[in-house]
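The next block holds one structure in the form of structure tokens; read it before the comments.
The values are calculated or read from the model by the stated rules, or taken from the named source; none is laboratory data. The structure presented is a predicted model; accordingly, all values stated were derived computationally and were not measured. Ideal geometry is used to build each Cβ from the backbone, glycine not excepted, and the neighbour counts take in all protein chains shown.
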């Protein structure tokens with residue numbers, strides 16, 4: 001339950017489209033094909049689509065970077081921002097939700113436990129004055145480009161590169177391959193760096209989101225981790241995404257972890273443990289965790305999706321953790337032990353099993369695959 | 001660890017299923033007599049069938065069971081069928097579009113989340129859809145069919161409540177609302193929110209009399225039609241065709257001796273209705289409903305074809321019927337007890353008895369004689385068969401299967 005509006009971190013969630021077109025709610029409602037909505041808030045995106053009475057829509061759940069998707073990779077993005085529009089080339093078409101930081105509590109705890117002392121320090125008096133609500137960004141005069149969004153050039157290769165901590169070794173690989181790239185990693189958060197490769201466009205997105213995007217033909221090639229490819233294939237076994245090259249960088253292993261205090265040596269001990277309660281399995285890789293629990297016949301289990309810092313869930317809030325690790329040191333520091341290794345993961349180049357229609361594009365793709373594969377060999 | 005039933009679901013016991021089958025068979029027999037054909041659509045459908053304006057209201061959509069299938073990487077969600085009519089329309093467009101008239105019926109489960117878990121989230125419906133026929137005859141046929149089923153089931157004291165989606169929409173069109181507001185208001189009225197209509201009065205005071213009269217009609221018995229006609233001819237002349245339509249149906253129902261009332265707010269989440277809407281009540285409990293949905297099939301990409309239909313709620317009917325009054329007399333039930341050495345013969349006798357129309361089963365160590373009309377003991381020595389009538393305490397002997405059957409017949 002919501003306890004208190006903390007009155008900071010205020011912003012809003014908007015449904016936004018590329019500022020180069022004239023997308024309106026009306027136009028979307030009348031659109032014949034599927035409307036693609038990219039968002040880190042897939043449930044809010046679905047609810048927005050239903051309440052707006054969009055006829056045929058698909059929601060792409062994302063881990064981040066929704067603003068870079070329209071217009072090529074999605075028709076709409078549900079983006080949260082306190083900034084003014086145009087925001088990363090997007091124009092708002094509907095305000096979906098106002099947001100600010102909230103103090104939340106478990107309903108039962110709030111009722112049964114004396115929490116007022118804990119909450120007292122967060123009284124409004126101690127808070128900075130409520131920030132002035134920013135005036136809503138003026139709607140920019142939009143040029144009259146008719147909907148739908150521009151079609152991609154069929155010969156152009158669309159390459160996705162990872163953001164976050166995978167950027168350093170991706171950059172090293174590109175350097176080795178002799179591919180020059182402006183502003184990557186970008187200090188300003190630029191997600192569209194320019195490459196010196198002819199007929200190639202580059203976008204920087206979350207590695208977690210890449211397999212789904214490649215499956216939906218929004219990108220032709222992407223550099224991600226085998227862990228995220230496996231996660232995608234666990235959820236969608238017949239997906240057309242495949243690994244094209246092992247880039248051999250960023251090695252981690254994906255492991256099953258329990259608390260050192262539990263008398264558990266391997267996964268069988270856990271599946272046979274006579275517990276009255278379901279086994280709680282926490283992971284960022286929710287589909288890998290699900291498949292692992294199923295394959296190991298954990299009798300009755302519950303999945304707890306996490307967004308990082310999963311180590312902290314054990315032992316109170318989870319029994320088993322599926323996590324990646326390099327050395328296992330962090331896990332050991334948290335009093336955790338590895339009971340199983342599921343697989344090893346390195347960076348890899350992924351693409352679709354679908355046939356590439358354009359010969360020019362096919363040739364470009366093959367050249368990139370070959371160059372990156374060679375660079376990876378040389379580095380390793 | 002206790003094994004639990006999933007929240008909001010129910011099991012149907014043998015007694016429940018007996019009631020279920022009685023209703024299903026009464027429904028199916030009536031439909032077949034009226035020339036309807038049975039169909040069955042899949043439990044899973046694409047979500048987008050149900051999301052467009054003119055299908056289900058957003059409040060209903062917020063309760064559907066939707067998920068990504070194992071090949072749902074495109075984000076295309078599937079749902080556990082939340083409604084019977086929309087899948088039938090999809091089926092018609094898919095494979096029957098060349099038919100001028102499609103009279104279809106189904107018995108199917110529909111799924112809708114219910115937060116308390118006290119009511120069931122999986123419900124069964126007996127539905128009939130009449131595609132390709134215009135009002136009012138088609139609507140009247142459907143009402144007659146529904147009432148015939150209820151008569152077959154010996155459920156008495158049925159009351160019909162009539163409304164008209166066209167009337168509500170015409171009223172809203174007068175209010176100069178945006179298309180979006182109109183849909184929102186229509187949904188609210190369909191969801192039974194009469195306050196929405198009250199608010200309209202404030203916006204358009206000149207319509208106050210009409211709206212008041214419309215609201216007052218609730219619960220008003222037969223004979224309303226003239227009153228309604230006069231009222232609307234004055235204030236809302238564009239409603240004339242709807243009123244005529246309503247009146248014709250009402251006149252028919254009156255002539256047929258049906259008990260009906262007008263209740264304008266009676267759509268309950270089904271945005272697809274365009275014409276007459278009828279609900280079937282037994283006391284205060286709604287046991288079924290239906291109406292005309294002429295715009296649905298064209299909206300879903302089919303040709304412009306009129307359609308209407310209804311559904312009866314099977315679980316509600318189960319609580320109302322008396323199975324013992326409805327069950328057809330059954331053939332005698334026979335228990336066969338064979339000595340170990342003659343077990344095979346026991347099964348042969350069962351086969352012959354089944355062929356002759358009896359209910360017969362072999363003894364498995366737990367059946368009680370009292371539950372059977374006859375018992376047959378198969379022995380190694382003469383007499384080979386001993387036939388005992390449980391009620392009459394009669395015992396007769398036979399030497400062959402033929403003789404045994406003759407004795408039973410005799």
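Here are the numbers for this structure:
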item	result
Within segment A:158-185, tally of residues that are part of a strand (DSSP E or B) and out of contact with any strand residue (DSSP E or B) (no Cβ under 8 Å at 6 or more places or on another chain)	0
Where residue A:355 falls short, out of the listed (1) in a strand (DSSP E or B); (2) more than 27 Å from residue A:166 (Cα to Cα)	(1)
Single match in B:94, B:69, B:83 (criterion: closer than 30 Å to residue A:36 by Cβ, at the interface with chain A (Cβ under 9 Å from one of its Cβ atoms) and either surrounded by fewer than 16 Cβ atoms within 10 Å (Cβ to Cβ) or under 19 Å from the mean Cα position of the chain (by Cα) (or both))	B:69
Residues of segment B:42-56 that turn out to be more than 10 Å from every other protein chain (Cβ to nearest Cβ) and buried (at least 18 other Cβ atoms within 10 Å of the Cβ), as a count	1
Residue among A:317, A:263 that alone is without any contact (Cβ under 8 Å) to a residue 12 or more places away in the chain, more than 14 Å from residue A:231 (Cα to Cα) and surrounded by fewer than 18 Cβ atoms within 10 Å (Cβ to Cβ)	A:263
Qualifying positions in segment B:379-402 - surrounded by fewer than 13 Cβ atoms within 10 Å (Cβ to Cβ), assigned to a strand (DSSP E or B) and at pLDDT 90 or above	B:395
Verdict on residue A:298 being over 30 Å from residue A:370 (Cα atoms), assigned to a loop (DSSP other than H, G, I, E, B) and free of Cβ contacts under 8 Å to residues at least 60 places away in the same chain	yes
Check on residue B:251, surrounded by fewer than 20 Cβ atoms within 10 Å (Cβ to Cβ) and at pLDDT 80 or above	yes
Members of segment B:57-66 that are modelled with pLDDT under 90 and more than 8 Å from chain A (Cβ to nearest Cβ)	B:57, B:59, B:60
Selection within segment B:284-293 - assigned to a loop (DSSP other than H, G, I, E, B) and at pLDDT 90 or above	B:293
Residue selected from segment A:218-250 under the condition in contact with a strand residue (DSSP E or B) (Cβ under 7 Å, 6 or more places away or on another chain) and surrounded by fewer than 19 Cβ atoms within 10 Å (Cβ to Cβ), by the criterion nearest to residue A:328 (Cα to Cα)	A:246
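For every residue, the table says whether it meets (1) modelled with pLDDT of 95 or more; (2) more than 21 Å from residue A:243 (Cβ to Cβ); (3) out of contact with any strand residue (DSSP E or B) (no Cβ under 9 Å at 6 or more places or on another chain).
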position	(1), (2), (3)
A:265	no, yes, no
A:296	no, yes, no
A:300	no, yes, no
A:331	no, yes, no
A:344	yes, no, no
A:347	yes, no, no
A:354	no, no, yes
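The rows are residues; the columns are (1) at pLDDT 80 or above; (2) surrounded by fewer than 18 Cβ atoms within 10 Å (Cβ to Cβ).
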{"site": "B:138", "(1), (2)": "yes, no"}
{"site": "B:142", "(1), (2)": "yes, no"}
{"site": "B:145", "(1), (2)": "yes, no"}
{"site": "B:152", "(1), (2)": "yes, yes"}
{"site": "B:160", "(1), (2)": "yes, no"}
{"site": "B:165", "(1), (2)": "yes, no"}
{"site": "B:172", "(1), (2)": "no, no"}
{"site": "B:175", "(1), (2)": "no, yes"}
{"site": "B:180", "(1), (2)": "no, yes"}
